[in-house]
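The values are calculated or read from the model by the stated rules, or taken from the named source; none is laboratory data. What you see is a predicted model, and the numbers here were worked out from it, not measured in a lab. Cβ sites come from the backbone with ideal geometry, for glycine too, and all protein chains shown count toward neighbours.
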Amino acid sequence: MNWNPQWTLIAIIVVAALIIIAFIAAGVRRSRSTALRQHFGSEYDRTVKEVGSRTKAEDRLVARTEEAKQFDIRPLTASERSGYVEQWRKIEANFVERPTTAVVEADELITNVMRTRGYPMADFGKYAELLSVKHPRVVEHYRTGHATIDAHGRGAASTEDLRQSMLHYRALFQELVESTIDVERPVGTVREVEPARPAGTVEVRDEDRPR
């Protein structure tokens, strides 16, 4: 049986096409990975570690993003913002005398703000996942603050832990109430939690800043 040169040409074309498709697919995957990593930041790394696979983690983040598109997440009105800022001021003012109650109330206030803005309220894990789509760089404040409440319920959280939890909730509260874009809000370890200023801005005293 004679070998048809055309078959060789066809085989070369097919192999070349497969190689090109493979390169394009690899480029698409790299672009997706880069885009997801840039958007989600530490949330990307946390999800990869949790799932144990970069591909599965990216699929989960993409699905989370698509799910969030179904909901109408809106900014607060001026009246809503003013009311929530006043509630937060009262919660922080009560921290010294009732730290546990203040932290629980801070968690409840955050939930109310999210509900008002349009986040669907299911279990805590779902709150955090949907929050990470719009606010990926501050969602860890939410997880840390909530984890302190759980630890305190088991008798494993100290008053200092509660203070730190309030600072995480404060950073998240500022992001949800005052900001229109996602902003990195690092939280240092401090010795006291001061009441928020009337205008809603919060400052950490110089002597309490991390050295």
remark   = Of the residues in the stretch 39-72, those that are surrounded by fewer than 15 Cβ atoms within 10 Å (Cβ to Cβ) and under 20 Å from G118 (Cβ atoms) come to A63, E66, E67, K69, Q70, F71, D72
inquiry  = Any residue that is outside the structural domain of M114 (by TED's automatic domain parsing), touching a Lys or Arg at 6+ places or on another chain (Cβ under 9 Å) and loosely packed, with under 14 Cβ neighbours inside 10 Å - is there at least one of those in the stretch 31-38?
reply    = no
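Applying the selection to the stretch 126-156, what residues are outside any helix (DSSP H, G or I), farther than 18 Å from R74 by Cα and under 14 Å from the mean Cα position of the chain (by Cα)?
R137
This table checks each residue for (1) in a helix (DSSP H, G or I); (2) within 30 Å of V104 (Cα to Cα); (3) in contact with a His (Cβ under 9 Å, 6 or more places away or on another chain).
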| residue | (1), (2), (3) |
| --- | --- |
| I12 | yes, no, no |
| R46 | yes, yes, no |
| K49 | yes, yes, no |
| T65 | yes, yes, yes |
| I73 | no, yes, no |
| S79 | yes, yes, no |
| Y84 | yes, yes, no |
